1. So what is the 222 nm mean residue ellipticity for the chain from helices alone, if each DSSP H run of at least 4 adds -39500 (n - 2.57) and you divide by all residues, rounding to the nearest 500 deg cm²/dmol?
2. Please give the helix 31-45 orientation as an angle from the longest Cα principal axis of the chain, in degrees from 0 to 90, rounded to the nearest 10.
3. For helix 87-97, what angle does its Cα long axis make with the longest principal axis of the chain, in degrees from 0 to 90 and rounded to 10?
4. Sort 173, 114 so the one with the fewest other Cβ atoms within 10 Å of its own Cβ comes first.
5. Taking only Cα atoms and a 10 Å spring cutoff, compute GNM fluctuations for the chain and point out the largest among 143, 65, 123.
6. Which whole-number percentage describes the relative contact order of the chain, with Cα contacts under 8 Å and a sequence gap of 6 or more?
7. Let me have the relative contact order for segment 112-165, percent, based on Cα pairs under 8 Å that are six or more residues apart.
8. May I ask for the distance between the Cα centers of segment 65-99 and segment 1-43, given as a whole number of Å?
């Protein structure tokens, strides 16, 4: 997923060469796997990846305020309940810093974030219903296979792109599941 995020961020903002990766270690214990895929993607796209551990809301401002103040700086937000709960703060701080950012869920883009790419929540919830049905019919949850997301969604906020002075490539717009005007 990390490589995909970097690719999309570079596609919408080609000058990005430095990316801060925001993550909360207590609500995203899996962050290391995302960081690993981001490092692999960074090597292929000439981007420097800098993990930025966030402990509380004040760290969001601190980390974003210490980013280099040039157009080559961007953000990647690792999914977690902390990041979701503080999405308005994160999106506002990225906007103040004029930093292009990619987020893991569509509701970051609807809150003003530039671009979101992640698992389609509606698809995940609808597939969960079959699990509930099987459990209610007597299946043991431990016997059910783990399911990975199979449908992903790309959401682009054009208003934010214009505010950042970015021209969104038509090919990227064509791939988007939703474009926010």
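Every number in this text was worked out from the coordinates using simple rules, so none of it is lab data. Keep in mind it's a predicted model, so treat the numbers as computed, not measured. All Cβ positions, even for glycine, are placed from backbone atoms using ideal geometry, and neighbour counts span all protein chains on display.
1. Taken over the chain, the calculation gives -13500 deg cm²/dmol.
2. Result, in degrees: 50.
3. 20
4. 173, 114
5. Largest GNM mean-square fluctuation: 143.
6. The normalised contact order for the chain reaches 20 percent.
7. Here the relative contact order equals 67 percent.
8. One Cα centre to the other: 13 Å.
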